[in-house]
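The values are calculated or read from the model by the stated rules, or taken from the named source; none is laboratory data. Every value quoted in this text rests on a predicted model; they were computed, and no experiment measured them. Please note: Cβ atoms are built from the backbone with ideal geometry, for glycine as well, and neighbour counts cover all protein chains shown.
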Amino acid sequence: MEKGFLSDGSSRVWRHQRILWWLFVVNLVLGHLSIFAMVTRWAGVLDHSLSADQLYHGFNLGRYIELAMQPGIGFGTASPGIAAFAIIFFVFMLFVTGGILEAYRSPYKISTADFFPASGACFWRFVCLLIMFVIVLIPVAIAANAIKDWSGDLSTNAAPEKLGFWVDVAGAIVIWFIAMCLRLWFDVAQVHAVATGERAMRRAIRRAFRLTFGNFAALFPLYLVPSLMSLIGMAVILLIWTKVPAASVGISFVLLEIWMLLWLGTRLWQRAGETAWYQHTQVPAEMPAVPPVVAGDATPGLAVGSQPGI
Amino acid sequence: MDRARRWWFLIISVLAGATVMCAAQPMPSATLSDKPLSQRWLDYNIDARVDAQKHTLDATEVLTWHNFTGKPQDTFPFHLYLNAFQPKSTFIRETHLYDPEFEWKQKNYGAAEVKSLEVVGVGDLTSQMRFISPDDGNSDDHTVFQVKLPKPVPAGGQVQFKIVFHDQLPEVLARTGYKRDFIMGAQWFPKVGVWWQGAWNCHQFHRTTEFFAEFGTFQVKLTLPQNEVVGASGVEVSSANHPDGTKTVSFLGEDIHDFAWTAEPEYRVITDTFQGSMGAVKIRMLVQPGHMSSAPRYLHAVKGTLDRFDKWYGPYPYKQITLVDPPHGALQAGGMEYPTLFTADTTWWCPKGLLFPEFVTEHEFGHQYWYGMVATNEFENAWMDEGINSYTEVKIMDSLYGKDTSILNLLGAHMGEHSFQHIEYVPVADDDPMSRFGWQYMNGNSYGGITYGKTATVLLTLEKVIGEQTMQRALHTYFMRYRFTHPTQEDFLKTVEEVSGKDLRWYYDQAVYGTQVMDYEILGVRAERPDWYKENPSKPKKGETVYRNTVLVHRKGDFIFPLDVQIKFDNGETTTEHWDGRDRWVRYQYDKKARIVSAELDPEHQAWLDKNFFNNSYIRQSNQAPHHKLAAYWTVISQFCAQLLAWLV
């Protein structure tokens, strides 16, 4: 059954692949904009310098560190831009998630005119869910920190040298598992909120808790499998990347962007799979999906064919 | 035979037999030389009992000091380095000054307590001991004490001190102490100061200083549990088990100025031999069970380093070298040198492309020469051991592991020793002069960056002035002339001038005694037609149109250094100008039927002291590929961070 939902989820992502491409483009553009100021400074130092070749053919780490030690070019200078654009992307994703879930719920292609209102309708509800998710994560973060301190202490003081390392590994697996379960719970809460139009998020969370942990065996693979696929895909891509000549920047860039696309795609696959499961198991409580626009329909704001598909 | 003759026969037979027996058993020796290598001022005879559970040590030290000063001496300063590990000591005070986050922990407490001090033939002088603080007046610092004898020791005479002391070893904070069942016994015995430059030299122990001591012999007996695997300076002479579960291991060190030891039950012992020019040197490695994968790396580094030092600078004259691999959690004991013994450093996960075990091994072995045999004053001239050693580290690591890969060669990234030293130096380039006393640097970063990185970079740049081979000859001469003595910084600098035949004072005044920073740049290159003012100039034709090419070179820093400027043209021509570097700028102009392609300062890349290599060249046509590459990777990093944050949604 889970394979069916996984397959259903992937076909929904494929059917609405414009969502994936749009997210990817926004991610890429914001990523590039975040380092624009740094690029200008690098160009000022490197474009006319023979020393720059040591960063292009091969990668002389010492030369790169010397570049980063120059005033205005250090790692600390790049951080604010990266952080700012990461937050913008984060807010963007918070906004469009409602529309994405609505799109995956619908058997039809959802138009822009419906996508963004659906996104807007869910935005503040998802902000509430985000706040509650962060609260729920706090003890996990505290536990993760405690494990890190413990493993550090073991690495220094325990007689077996690798004990701290194995505690780190075991702790990371446990924390990752807990984080995945919590994420799944709140994913289902979002799916439920979109499907039923639920406005009270605490009720949505309680309902989602019962659904998630009452059907854990069915739901968890819908989250885990795409996660594993993204990790395996990342490992394969990075392995290929290490074989690419240092000066083949274009090929390297394409490979790494495939990795970024893969990560976005697997995340959407999780959302689509969860939506598929919800639709098949909780149909009576669901609101109807947005119907396609029919020619001559007097519904205001809708027009045939002129609205670009999302 | 009558009775008298029978007795004489018996006596002669016994004497002959004894002589044969003595001849059959050679006297133990710790060096490959059949005569003393140094003026042996000191004979240390130490009998110590180690309590491995309590991390304490009780010992009796008989120190014979020979007065080679040429004048009577009645006052003797001693180091008690272990007393540095106390909260009010100068060492801890300075540690907190450099790092306000530093927390004092009681487990780091260490102490060396003199129970009694007797001068043989004079009597008990325990009550005459006085702690002194010659450097900073800190009366709470007990790392130096002084004792005055009622009668001076005449020139050419000797005095014998008998000192009973008790050590409390700290949990390793810096170099010495214990961690679990590992013990590093360093700076553990009362050590008399050095008579140097006509006076006693015996500084307090500071956060950024090391040690200074006189040459002599060491006969040390360590009594500890039988399950301990022991290593020490010198050579092991004997080992005897006792019924109480302990054993006494005896060591002999000759022509050395310090004695360190280590013990741990878990050590794995690996031995090998290096055939040096003076004879076979035994290599004894004490390796942690979890670090056995690093053992071949250690061995390769030790043997390669022994080989290069032997060929380039001079022979290693001791019978043994001991490498100690500290356990995890005791890395503060790692990367340290003692005569004929040094501590290395590694981790269980250290990949082959990260040459950390190798460069630590090379560096610490190098100290056998620059510190161990050429025993400079590490308090006052720290650059002379750390810096010269860092320079020879560059040469030897490059020779063994490749110029651009001698530090890192992993996943497409690489870094060589030259870069490594340069990176150490640049952030602190004008903080302090090399010649500053070790404890008077601005902070620990400056001390490290200047004594190691800047000195190595200064000597690498000096190769440009006198030549690489001349530099090697100078170091060889310096080593052979000053080994087993305590040279000053001028001794070294003058040796280099002597061997090179050049007056280098202009260089030393800036590089060693000054804080001038070298930074030359090509400000720009231009290629324009002389008829630029015409409204409709004729179309340019390659190889026929004349261009006015200019190169503007600027001295940005205040260090004056002569440099070559190499200019390349698009017709394949290359011109090299030599600039004395004295003025603030110079402009070169060429009218040619060709356009300039690039200009480069120091085309052979030997002026490592230059703070910024990126501005040392200028290409007329910009090449955006390198910055596009950085942009591509940083874009992906930014995207990754954004997606990571978006997981919260």
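Any idea which of (1) buried (at least 19 other Cβ atoms within 10 Å of the Cβ); (2) not assigned by TED's automatic domain parsing to the domain that holds B:Met480 is the one B:Ala280 doesn't satisfy?
(1)
Quick one: count up the residues across the stretch A:46-67 that are hydroxyl-bearing (Ser, Thr, Tyr) and more than 7 Å from every other protein chain (Cβ to nearest Cβ).
1
Taking B:Thr574 and the conditions (1) more than 7 Å from chain A (Cβ to nearest Cβ); (2) in contact (Cβ under 8 Å) with a residue 12 or more places away in the chain; (3) in contact with a strand residue (DSSP E or B) (Cβ under 8 Å, 6 or more places away or on another chain); (4) of a type outside the set (D, E, K, R), which numbered condition does it fall short on, given that it satisfies the others?
For B:Thr574, the failing item is (2).
Can you find a residue in the stretch A:281-289 that is at pLDDT below 95, closer than 26 Å to A:Leu182 by Cβ and touching a His at 6+ places or on another chain (Cβ under 8 Å)?
yes
Which condition from (1) under 30 Å from A:Phe90 (Cβ atoms); (2) more than 41 Å from the chain's Cα centre (by Cα) is the one that B:Tyr633 breaks?
Here B:Tyr633 meets the rest and fails (2).
Is it true that some residue in the stretch B:396-406 is buried (at least 22 other Cβ atoms within 10 Å of the Cβ) and more than 22 Å from B:Ile283 (Cα to Cα)?
Yes: the stretch B:396-406 contains one or more residues that are buried (at least 22 other Cβ atoms within 10 Å of the Cβ) and more than 22 Å from B:Ile283 (Cα to Cα).
Restricting attention to the stretch B:580-598, which residues are assigned to a strand (DSSP E or B) and either within 14 Å of chain A (Cβ to nearest Cβ) or aliphatic (A, V, I, L, M) (or both)?
Those that are assigned to a strand (DSSP E or B) and either within 14 Å of chain A (Cβ to nearest Cβ) or aliphatic (A, V, I, L, M) (or both): B:Val586, B:Ile596, B:Val597, B:Ser598.
Of all residues in the stretch A:142-159 being within 12 Å of chain B (Cβ to nearest Cβ) and out of contact with any helix residue (DSSP H, G or I) (no Cβ under 8 Å at 6 or more places or on another chain), which is surrounded by the most Cβ atoms within 10 Å (Cβ to Cβ)?
So the residue we want is A:Asn157.
Please state which one of B:Ala456, B:Ala511 is in contact with a Gly (Cβ under 8 Å, 6 or more places away or on another chain), buried (at least 17 other Cβ atoms within 10 Å of the Cβ) and in contact (Cβ under 8 Å) with a residue 60 or more places away in the chain.
Testing whether each residue is in contact with a Gly (Cβ under 8 Å, 6 or more places away or on another chain), buried (at least 17 other Cβ atoms within 10 Å of the Cβ) and in contact (Cβ under 8 Å) with a residue 60 or more places away in the chain leaves just B:Ala456.
Identify the single condition in (1) among the charged types (D, E, K, R); (2) in contact (Cβ under 8 Å) with a residue 24 or more places away in the chain; (3) at the interface with chain B (Cβ under 8 Å from one of its Cβ atoms) that A:Lys109 does not satisfy, given that it satisfies every other one.
Of (1) among the charged types (D, E, K, R); (2) in contact (Cβ under 8 Å) with a residue 24 or more places away in the chain; (3) at the interface with chain B (Cβ under 8 Å from one of its Cβ atoms), only one is false for A:Lys109: (3).
Can you find even one residue in the stretch B:615-638 that is closer than 30 Å to A:Leu130 by Cα, of a type outside the set (A, V, I, L, M, F, W, C) and surrounded by 16 or more Cβ atoms within 10 Å (Cβ to Cβ)?
Within the stretch B:615-638 (the criterion being closer than 30 Å to A:Leu130 by Cα, of a type outside the set (A, V, I, L, M, F, W, C) and surrounded by 16 or more Cβ atoms within 10 Å (Cβ to Cβ)), the answer is yes, since at least one residue qualifies.
Applying the selection to the stretch B:610-636, what residues are under 28 Å from A:Leu264 (Cα atoms) and within 7 Å of chain A (Cβ to nearest Cβ)?
B:His627, B:His628, B:Lys629, B:Leu630, B:Ala631, B:Ala632, B:Trp634, B:Thr635, B:Val636 - these are the residues of the stretch B:610-636 that are under 28 Å from A:Leu264 (Cα atoms) and within 7 Å of chain A (Cβ to nearest Cβ).
List the helices (runs of 4 or more DSSP H) that sit entirely inside the stretch B:361-480 and contain at least 3 residues that are farther than 29 Å from B:Pro315 by Cβ, within 14 Å of chain A (Cβ to nearest Cβ) and modelled with pLDDT of 95 or more.
By residue number, B:417-425.
In the stretch B:232-248, how many residues are surrounded by fewer than 24 Cβ atoms within 10 Å (Cβ to Cβ) and in a strand (DSSP E or B)?
Number of matching residues: 10.
Would you call B:Trp312 among the aromatic types (Phe, Trp, Tyr), within 16 Å of B:Gly290 (Cα to Cα) and surrounded by fewer than 20 Cβ atoms within 10 Å (Cβ to Cβ)?
no
Looking at B:Asp272, B:Asp255, B:Asp307, which is the one that is surrounded by 22 or more Cβ atoms within 10 Å (Cβ to Cβ), modelled with pLDDT of 95 or more and either outside any helix (DSSP H, G or I) or at negative phi (or both)?
When all the criteria are applied, what remains is B:Asp255.
Name the pairs: first residue in the stretch B:101-123 and assigned to a loop (DSSP other than H, G, I, E, B), second residue exposed (fewer than 13 other Cβ atoms within 10 Å of the Cβ), Cβ to Cβ under 8 Å, at least 6 apart or on different chains?
B:Val122/B:Pro150; B:Val122/B:Lys151
Among the residues of the stretch B:139-179, which ones are in a loop (DSSP other than H, G, I, E, B), within 29 Å of the chain's Cα centre (by Cα) and either surrounded by fewer than 17 Cβ atoms within 10 Å (Cβ to Cβ) or among the hydroxyl-bearing types (Ser, Thr, Tyr) (or both)?
B:Thr143
Select from the stretch B:599-609 the residues that are surrounded by fewer than 21 Cβ atoms within 10 Å (Cβ to Cβ) and at the interface with chain A (Cβ under 10 Å from one of its Cβ atoms) and list them in ascending order.
Listed by number, the residues that qualify are B:Pro603, B:His605.
Determine which member of the set A:Val254, A:Val225 is part of a helix (DSSP H, G or I) and within 14 Å of chain B (Cβ to nearest Cβ).
Among A:Val254, A:Val225, only A:Val254 is part of a helix (DSSP H, G or I) and within 14 Å of chain B (Cβ to nearest Cβ).
Does the stretch B:544-566 contain at least one residue that is touching a helix residue (DSSP H, G or I) at 6+ places or on another chain (Cβ under 8 Å), in a loop (DSSP other than H, G, I, E, B), facing chain A (nearest Cβ under 10 Å) and touching a residue at least 60 places away in the same chain (Cβ under 8 Å)?
no
Among A:Phe177, A:Phe209, which is within 19 Å of the chain's Cα centre (by Cα), within 25 Å of A:Trp269 (Cβ to Cβ) and aromatic (Phe, Trp, Tyr)?
A:Phe177
Please work out which residue is surrounded by the fewest Cβ atoms within 10 Å (Cβ to Cβ), limiting yourself to the stretch A:128-141 and to residues that are facing chain B (nearest Cβ under 10 Å) and closer than 11 Å to A:Met201 by Cβ.
A:Leu130
I need a count of the residues in the stretch B:26-74 that are outside any loop (DSSP other than H, G, I, E, B) and either of a type outside the set (Asp, Glu) or touching a Cys at 6+ places or on another chain (Cβ under 7 Å) (or both).
18
I'm checking my understanding of the structure. Among residues of the stretch B:185-208 that are under 22 Å from the mean Cα position of the chain (by Cα) and assigned to a strand (DSSP E or B), which one is farthest from B:Ala112 (Cα to Cα)?
B:Trp196
Among the residues of the stretch B:481-501, is any in contact (Cβ under 8 Å) with a residue 60 or more places away in the chain, of a type in the set (A, V, I, L, M) and in a helix (DSSP H, G or I)?
Looking for residues that are in contact (Cβ under 8 Å) with a residue 60 or more places away in the chain, of a type in the set (A, V, I, L, M) and in a helix (DSSP H, G or I), one finds none in the stretch B:481-501, hence no.
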